[in-house]
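A short reminder: the numbers here are calculations on the coordinates, not readings from a lab. Because the structure is predicted, anything quoted here is derived from the model rather than measured. Backbone-built Cβ (ideal geometry, glycine too); neighbour counts: all protein chains shown.
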Amino acid sequence: MNTTDNLRKTIKTLVSEKKVDLFLGWEKGSLPLAATPLFVTTEEEADRAIFDVTCGNNLSIYFTKDKKQYADKKVGIAVKGCDARSVVLNILEKQIKRENVVIVGVPCNGVLDKKKVLAATEGREVLELMDNGDTVTVKGKGFELSLNRQEILSSSCHACIYPDAQEYDFFMGEARGEVPNEERVKEIVDFQNLPDSDRWEQTRVEYQKCIRCYACRNVCPSCYCNVCFVDQNDPKWIGSTCEYTDTVIFHVIRNLHVAGRCVECGACERACPMDINLLMMNRKVAMEVKDRFGDVAGLDIDGKPAMSDFKEDEKQKFIMG
Amino acid sequence: MNMVSLDKKKFGSFILELSAEYTVYAPGKAGGKTEFIPVESEDEIDLKTLVTDLSPKGIFFPHSEVLYEYDKEGIRVPQKETGKPIAVWGMRGCDSRSLLMLNKVFGSAIQMPDNKNFQDPYWKEKYDSSVIFGTGCNEPLSTCFCNWFEGGPHSSQGMDVFVADAGDRFLMEPVTDKGRAALDKMSSFTDSTEDDKTTAAQLASEAQGGMAEPMDVNGLGEMLNNKYDEPVWEEVSAKCINCGACTFSCPTCHCYDIQDEGKGSSGKRIRIWDSCMFPIFTMEASGHNPRALSSQRVRQRVMHKYSYFPEKYGEFLCTGCGRCVTVCPVNLDIREVLKRINEYKKQGITNG
């Protein structure tokens, strides 16, 4: 039985046995390159659930939307490895209760990045997509291409170490285990090794693209402040223009607000309508957190998030030099 | 002047000619995405992209626009850098139509209650003197739905010159006197032949045939008004994450905020795009928010486009460009929302 069939069966059981009031999954959307979130409350709706290379959305954002809309409900959720870490983080940060969530892990081989597919089709519109595992076939008017899966994966997937949910109630297939990933820090180290002026220039160019739509913030499961700092206007912390002097501040502060909380799912980067490389800075901060506090966000349900904990022996560079 | 033919080999000199009289904007690459950028030569122009990632509304209504600066000496309105009027090359019918809609809001005299007429000088300064060279779409995308409204792939509404891309040449036909006057000043093209006219007509009919069957939008506004309090809004907005990607990429969304940035005794007042998707859009000083929920904000966006605006200005505030469909991070497809609302019509239910 493939993952999608398995997932549909599990959702049906959970719904029919009233183990959950609602199940969050993915279904085929109106466009071929992206699945769309599915909210299942009946057995019939469960038959629309899918899991494939287009299921990029991290569904745990919906726990904290509209001020914890599902706080009193039992909610089931389909998760990739990164999404599971978001659910765990939401639990550790007391946004949801473990006993109210049924976590269903799916075996993930990475999700696509729209811009990489469009680069492969040289901008031609894709009208149909098929996920064949190692390859992904895309069709459009007058063309059909078989793309190597690795070439179209989101940069977050290339950097992924934990493709499987570490915390789950059900798992739909075979877990891949930890993926040794020597190359994952290369982009970050290369950037670090640049002279200051080049780093600044690259940062400025990147964040200058921002149009302040906040898609990155709103798809981020770790961004759930009741009032975001950019929306506070008494006092006003930051300008709202798309001058880079404002946009850089927005992105750097968001970056620091998710330090030790970013699960590196890449949802921000895939959502960005302006193709800003948002992930590198977040991954750099995650590296720092791991190095200084030994913590990987959302990995351990019995742990404490790095920024909510203090150990006497932890490395404090800013004091000890 | 009738239709003229511009050999694509002469496109470069045409752009140079145009640049002598105008500040020229055209689709181009900006940081990997396509948007309308100021250009000086043919090389910077992207002739392939049909619907640019960002709409051209920013040319006339920029994301952030300084309205005036102030200090102890007084108030100063920033002056334009060059005195040249704006020419836009390559605007599609959906986008040129959107300018007509925005012009109803910013450009037309609105009678205020105190009998004063209001026109937005910042918009008018740029828009009134501009010349729009619009291009017909020969192969509309699957996300295009201009034919739902009063547009079409070869519609010339809102354009001053309509351009049909006939492979090796552009067939240009003046639509307004302004367009005719602009062409009169240039010489890179030749008169068109009877063949050219046939080709242009054929391209238009093929393009029209390439579009999916439109939804019938008759009575949509009234239908929406009757559905204001229905649970359908919670249903269709469930996946919305309330970012502003749709409103910021939309060629017709025009809500803005005015903010002051001051330091000591000087500062500036800036007009900045705002989005009805953001909770702070309607946050009141008391702390009360009349649109605190996502479903209320999605409803507002749909109602404004397909009910309030038509009520006030006589047409839908949507040209079917499909950008919001393409850009939405959760694939909340506005066409599906409208189809969902239209189902009520099929069921013959119109009253609540």
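Things worth noting here:
- Of the peptides B:228-236, A:38-46, A:263-271, the order by per-residue mean of other Cβ atoms within 10 Å, starting with the highest, comes out as A:263-271, A:38-46, B:228-236.
- Taken one residue at a time, the phi angles of the range A:32-46 give Karplus couplings (6.51, -1.76, 1.60, θ = phi - 60°) of x, 8, 9, 6, 10, x, 10, 10, 9, 10, 10, 4, 4, 5, 4 Hz. Gly and Pro are set to x.
- All-pairs Cα distance distribution in the range B:220-346, expressed in whole percent, bin size 10 Å: 12, 39, 34, 10, 4, 1, 0
- If you look at the Cα atoms of chain B, you get an Rg and a Dmax of 21.7, 68 Å.
- Whole-Hz ³J(HN,Hα) from phi, Karplus 6.51 cos²θ - 1.76 cosθ + 1.60, for the range A:75-91, glycine and proline x: 10, x, 8, 8, 9, 7, x, 5, 4, 4, 5, 5, 4, 4, 4, 4, 5
- Annotation: the antiparallel percentage among DSSP beta bridges lying fully within chain B is about 75.
- Counting Cβ atoms of other protein chains within 10 Å of each residue's Cβ and taking the mean over peptide A:26-39 gives 4.
- Under 20 Å from residue A:304, Cα to Cα: aspartates and glutamates that are on another chain or at least 8 residues apart: A:83, A:93, A:99, A:167, A:264, A:288, A:291, A:295, A:312, A:313, A:314
- Ignoring lysines fewer than eight residues from residue B:346 along the same chain, the ones with Cα atoms less than 21 angstrom from its Cα are B:227.
- Alpha carbon centroid spacing (whole Å) that separates the range A:78-125 from the range A:140-162: 16
- For the range A:77-121, pairs of C-alpha atoms spaced more than 12 angstrom apart make up 67 percent of the total.
- Counts of other chain beta carbons within 10 angstrom of each beta carbon in peptide B:326-337 average 6.
- Whole-Hz ³J(HN,Hα) from phi, Karplus 6.51 cos²θ - 1.76 cosθ + 1.60, for the range A:187-199, glycine and proline x: 4, 5, 5, 4, 5, 4, 7, 6, x, 3, 5, 5, 4
- Rounded Å value of the spacing that divides the Cα centres of the range B:118-189 and the range B:190-242: 18
- Expressed as a fraction of 2.2 N^0.38 Å, the value expected for a compact globular protein of N residues, the C-alpha radius of gyration of the range A:1-145 is 1.13.
- Counting charges near residue B:255 (Lys, Arg +1; Asp, Glu -1) among other residues having Cβ under 13 Å from its Cβ returns a value of +4.
- Sum of -39500 (n - 2.57) over DSSP H runs of 4+, divided by residues of chain B (222 nm, nearest 500): -8500 deg cm²/dmol
- Set of lysines with alpha-carbon distance to residue A:9 below 20 Å, sequence-local pairs under 8 removed: A:18, A:19, A:28, A:74, A:80
- Average projection area in nm² (convex hull over Cα atoms of chain A, one quarter of hull surface): 18.5
- Pairwise Cα separations in the protein assembly as shown fall into 20 Å bins from 0 onward with the following percentages, short to long: 16, 50, 30, 4, 0.
- A helix-only calculation puts chain A at -9500 deg cm²/dmol for mean residue ellipticity at 222 nm, using -39500 (n - 2.57) for each DSSP H run of at least four residues, averaged over all residues.
- Contact order, relative form, for the range B:220-346: 33 percent (alpha carbon pairs under 8 Å, 6 or more residues apart, mean separation divided by residue count).
- Mean Cβ count within 10 Å, highest first, over the residues of peptides B:85-94, B:10-19, B:161-170, A:183-192: B:85-94, B:161-170, B:10-19, A:183-192
- Length-normalised contact order of chain A in % [C-alpha pairs under 8 Å, at least 6 apart]: 17
- Shielding by partners, peptide A:206-218 (average Cβ within 10 angstrom, other chains): 6
- Averaging the Cα positions of each part gives two centres, and for the range B:103-117 and the range A:285-316 these lie 59 Å apart.
- Note on chain B: with a GNM built from Cα contacts shorter than 10 Å, the maximum mean-square fluctuation among B:147, B:115, B:103 falls on B:115.
- Proportion of all alpha-carbon pairs of the range B:173-262 beyond 23 Å (%): 65
- Cα-based Rg of the range A:144-201 normalised by 2.2 N^0.38 Å, two decimals: 1.61
- For the residues A:67, A:12, A:236, a GNM of chain A with alpha-carbon springs under 10 Å puts the largest fluctuation on A:236.
- Neighbours of residue A:250 by Cβ distance under 14 Å: Lys/Arg scored +1, Asp/Glu scored -1, total +2.
- Restricting the trypsin sites (Lys or Arg not before Pro) of the range B:253-349 to loop positions (DSSP other than H, G, I, E, B) with no more than 16 neighbouring Cβ atoms within 10 Å leaves nothing.
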